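Written below as structure tokens is the structure these notes are about.
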Amino acid sequence: MEYDTIEVLAPAGSPEIARAVLKAGADAVYFAGNAYGARAYAPNFTRQEASDMLDLLHLHRKKAYLTVNTLLKNTEIERQLYDDLRFYYEAGVDAVLVQDFGVLMLLREYFPDWPVHASTQMNIVSHYGANFLTEYGVKRIVAARELSLGEIRMLCANSGAEIEVFVHGALCVCYSGQCLMSSFLGGRSGNRGRCAQPCRLPYRVLDGRGRKIKTPGDYMLSPKDLCGIADLPALIEAGVCSLKIEGRMKQAAYASTVTSLYRKYVDLYLEKGREDYAVSEEDRTRLLASGSRNGFTDAYFFVRNTPKMMSFADSSHEKKQADLKEHNESVQSQKAKELLPDEKLPIGGHLTAKIGEPLALVVRSGLTAVTVFGNPCEQARKQPVSKSDLYSKLNKTGDSPFAFREMSIEMDENIFVPLKEINRLRREALDGIYHKLVSAYHRKLPLVPFLQMDSPNPDIEAEPAIFVRVLNEEQFWVAQKQPFVDAIILPVRLYQAVIEAGKDRDKYAGEHSKIVKKRQKRYIVELPVVLRHGTAETYAQFVKEHSRAEYEVSGYDALGFAKEMDIPMAQLHAGYRLYMMSGRARGGVRRIGIVHGSVPLELSEKELSHRDNRTDRILVYGRVPLMYTANCVAKNIGKCTKTAPRYYLQDRKGKKFPVTCDCTACTNVIYNAVPTDLIDKYRNIKALQPEAIEIAFTTENEREAEAVLERVQKAIAGKNKIDPPGYEFTRGHFTKSIK
């Protein structure tokens with residue numbers, strides 16, 4: 001997709017920063033109100049501040065995007081959100097950025113003409129997810145930060161949406177929207193804009209036997225900051241429409257400097273093309289001086305992953321900035337004036353002063369004009385007014401956002417004009433042109449009453465089905481043998497190994513083949529949480545040959561892939577990483593046609609009691625995947641063998657987090673150090689009326705898996721004890737609500 005202009009999109013964490021990046025040449029800003037933004041601890045805007053900022057930006061023909069890119073609970077989405085959205089819609093916000101599918105559904109229902117952008121928190125890595133979302137009114141996709149230049153090019157070429165990419169600022173080690181580490185370790189949810197950044201803390205790496213491995217440094221999960229200024233020609237030629245600078249938590253000086261440099265080099269490329277494009281060392285140093293984490297990286301534009309992108313020795317942003325503070329201040333003081341143009345909007349004016357006729361002042365901005373009239377002019381009895389007097393008064397625009405770049409005066413000789421009358425006309429004209437210009441961006445929403453969505457939860461008594469998730473053959477056969485297990489969730493490779501190939505291999509002759517036939521169960525095949533283009537290609541043939549199978553989809557790319565492969569929606573199960581936190585989000589997924597879903601892991605028992613769980617399953621046991629990463633621990637320590645090894649990350653408290661390497665998709669999964677265990681809460685779970693409960697096996701061996709399923713049987717029978725003594729586990733968020 002080709003675009004007429006390339007947008008430089010800058011952060012606006014406060015009114016001060018908004019004005020700074022406007023001066024620095026931003027085409028648009030993104031900002032949050034007092035709630036719902038993915039940087040909950042940024043200053044953010046009051047309604048009045050936001051309204052003033054919007055008018056200022058629109059005067060300069062710039063845009064502003066509202067971030068509502070967090071997950072919302074029922075009370076928030078039903079009682080608060082609509083009124084906030086209505087204010088920003090009528091104030092003229094150009095688009096709204098979302099993560100929550102329920103928010104998207106609400107926007108499409110009540111604000112159908114309001115452009116919607118899919119946040120990077122939606123983790124779109126392929127055209128499958130992009131095209132799925134465009135069907136529901138999404139105009140722009142903020143691509144996942146892990147994509148290569150080639151994948152970005154494919155995304156631009158094969159989707160009907162505009163594509164926006166991050167080009168500068170902090171990188172998360174986890175795929176955005178897939179991180180639960182801060183949530184489970186500290187109760188502060190990254191999906192709610194409150195990330196505590198446990199990834200920036202030190203971690204040891206241990207091998208599968210628990211032995212310490214030598215590493216390049218202590219900060220194994222802390223990437224350097226992204227700097228893509230040298231890659232702008234390639235990104236623009238790939239079809240990207242918007243270049244996004246991260247930093248709503250940063251100061252105005254940082255945002256201004258970075259924005260001005262990206263403005264400079266976008267203009268350089270547009271003016272002179274690729275051949276004359278080169279970033280000076282002085283400007284590279286200015287970017288470093290503005291702040292980084294031990295330097296910059298342009299991963300993942302050209303590499304799938306690399307140790308060079310990690311800040312192993314230091315996770316701090318401030319220390320590197322302090323090292324270069326003196327140079328930063330020197331360069332900024334020298335360049336500030338030439339890089340930050342006058343904020344005032346140029347306008348033109350014409351004053352007519354004729355004896356016996358009313359004064360008339362016309363003010364123009366582009367094709368917009370305002371005319372104001374004063375009292376009739378009189379012939380001067382003593383000292384006539386001069387043109388220079390009139391020019392002087394008219395040009396005193398003061399604190400207004402305008403400055404006259406041209407002014408013409410048509411007047412009779414020997415005329416008297418009270419100068420206070422000129423002042424009055426100037427004020428009225430400037431007020432008039434201001435309101436005429438900004439009102440063009442204001443909207444009025446028809447008076448359609450907002451209807452809150454109820455979450456019916458009828459009083460029914462039914463035993464939930466038992467679903468078991470497995471990762472290897474040992475776990476599969478443990479689940480397969482149990483008569484009370486109704487369904488098994490398993491990866492494609494395991495399905496092929498134990499269901500398809502099993503009957504033709506000696507290992508599965510005899511007892512195993514009889515078990516499969518005698519105790520046939522439902523098999524639900526996992527599609528990857530992160531389904532990039534290359535990964536999708538490896539699954540396409542399997543899906544074609546198994547069009548009647550049931551599949552679990554845990555992301556919009558997998559959902560779009562399933563739809564493109566013509567898998568009926570009724571055969572899909574929505575995984576908990578589709579984040580149906582509110583009834584509106586769950587209702588939206590049901591309208592797509594997906595009946596079976598999963599309860600999000602960040603809701604408490606009390607919150608779940610107000611949710612309709614009748615067609616969903618609840619995780620009762622399992623180590624929760626805290627992160628999915630494109631960066632690889634094995635590669636970072638120089639031990640990439642493409643054999644899917646397991647490691648452990650050990651934190652400062654001695655907790656060991658298992659790390660599995662999926663070498664088929666080059667993805668790491670970091671699991672919680674302890675399992676979530678609600679087995680003894682079975683009666684509480686049953687009271688929430690789920691369709692099924694899920695037991696998820698990760699690191700468990702055969703004996704451990706059998707013990708867990710034995711406890712499940714006992715819990716169903718009413719024997720609710722945690723066993724054995726001293727067993728470490730977590731309740732997750734079942735007993736404690738997230739912030």
All alpha-carbon distances of segment 357-462, grouped into 10 Å bins from 0, give the whole-percent distribution 11, 35, 20, 10, 7, 6, 5, 4, 2, 1
Is the C-alpha gyration tensor of segment 96-238 telling us rounded, prolate or oblate? Criteria: a/c under 1.5 is rounded; beyond that, a/b larger than b/c is prolate, otherwise oblate.
oblate
Angle between the Cα long axis of helix 583-592 and the longest principal axis of the chain, 0 to 90 degrees, nearest 10?
80 degrees
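Which of K63/K264; K212/K635; K606/K714; K250/K344; K73/K739; K264/K344 have a Cα-Cα distance over 22 Å?
Pairs exceeding 22 Å: K606/K714; K250/K344.
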Measure out, as a whole number of angstrom, how far apart the alpha-carbon centroids of segment 244-276 and segment 386-419 sit.
38 Å
Size of charge dipole - segment 667-739 - debye, nearest 20, with Cβ of Lys, Arg +1 and Asp, Glu -1, no other charges
500 debye
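Quote the FRET efficiency, to the nearest 0.05, computed for E271 versus M249 with a Förster distance R0 of 30 Å and r equal to the Cβ-Cβ distance.
0.35
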Output ordering of 392-401, 533-542, 158-167, 83-92 (per-residue mean of other Cβ within 10 Å, highest first) is 158-167, 83-92, 533-542, 392-401
Just to confirm my numbers, what's the Cα centroid distance between segment 92-138 and segment 610-649 in Å?
27 Å
Using a 10 Å cut-off on Cβ atoms, rank the peptides 729-737, 188-196 from the highest mean neighbour count down.
188-196, 729-737
State the cysteines of the chain left without a partner when partners are defined as other cysteines whose beta carbon lies under 4.7 Å away.
C156, C172, C195, C199, C227, C241, C377, C632, C640, C661, C663, C666
Based on Cα positions only, what radius of gyration and what Dmax would you give for segment 588-645, in angstroms?
17.9, 49
Strictly greater than 53 Å: what percent of every Cα pair in the chain meets that?
20 percent
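Can you tell me how segment 239-318 classifies by the Cα gyration tensor, rounded, prolate or oblate, using a/c under 1.5 as the rounded cut?
Oblate, since a/c reaches 1.5 and b/c is not below a/b.
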Is the C-alpha gyration tensor of segment 183-244 telling us rounded, prolate or oblate? Criteria: a/c under 1.5 is rounded; beyond that, a/b larger than b/c is prolate, otherwise oblate.
oblate
Mean ellipticity per residue at 222 nm, deg cm²/dmol - from DSSP H runs of n ≥ 4 across the chain, formula -39500 (n - 2.57):
-9500 deg cm²/dmol
Can you tell me the 0 to 90 degree angle between the C-alpha axis of helix 419-439 and the longest principal axis of the chain, rounded to 10?
30 degrees
On alpha carbon coordinates alone, what is the Rg over Rh value for segment 108-188, Rh being the Kirkwood radius?
1.03
Could you give the angle, 0 to 90 degrees to the nearest 10, between helix 101-110's Cα long axis and the longest principal axis of the Cα atoms of the chain?
40 degrees
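P(r) tail for segment 633-739, what percent of Cα pairs lie past 19 Å?
Percentage above 19 Å: 57.
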Going by amide H atoms built from the backbone, whose H comes under 5 Å of the H on H596, apart from near neighbours?
A574
FRET E, pair N684, C663, Förster distance 25 Å, beta-carbon r, rounded to 0.05
0.05
Charges only on Cβ, +1 for Lys and Arg, -1 for Asp and Glu: so what's the dipole of the chain about the Cα centre, in debye to the nearest 20?
1920 debye
Cβ-derived FRET efficiency at R0 30 Å, S408 paired with L445, nearest 0.05:
0.10
Tally of Lys pairs whose C-alpha atoms are under 18 Å apart, taken over segment 378-466, 8 or more apart or cross-chain
6
Antiparallel DSSP beta bridges within the chain, as percent of all bridges there, nearest 5
35 percent
Can you order the peptides 272-281, 288-297 by their average number of other Cβ atoms within 10 Å per residue, highest first?
288-297, 272-281
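All of the numbers you see were taken from the coordinates with simple rules; none came from a lab. If you're wondering where the values come from, they're calculated on a predicted model, not measured in any experiment. For neighbour counting, all protein chains shown are included, and Cβ atoms are generated from backbone atoms with ideal geometry for every residue, glycine included.
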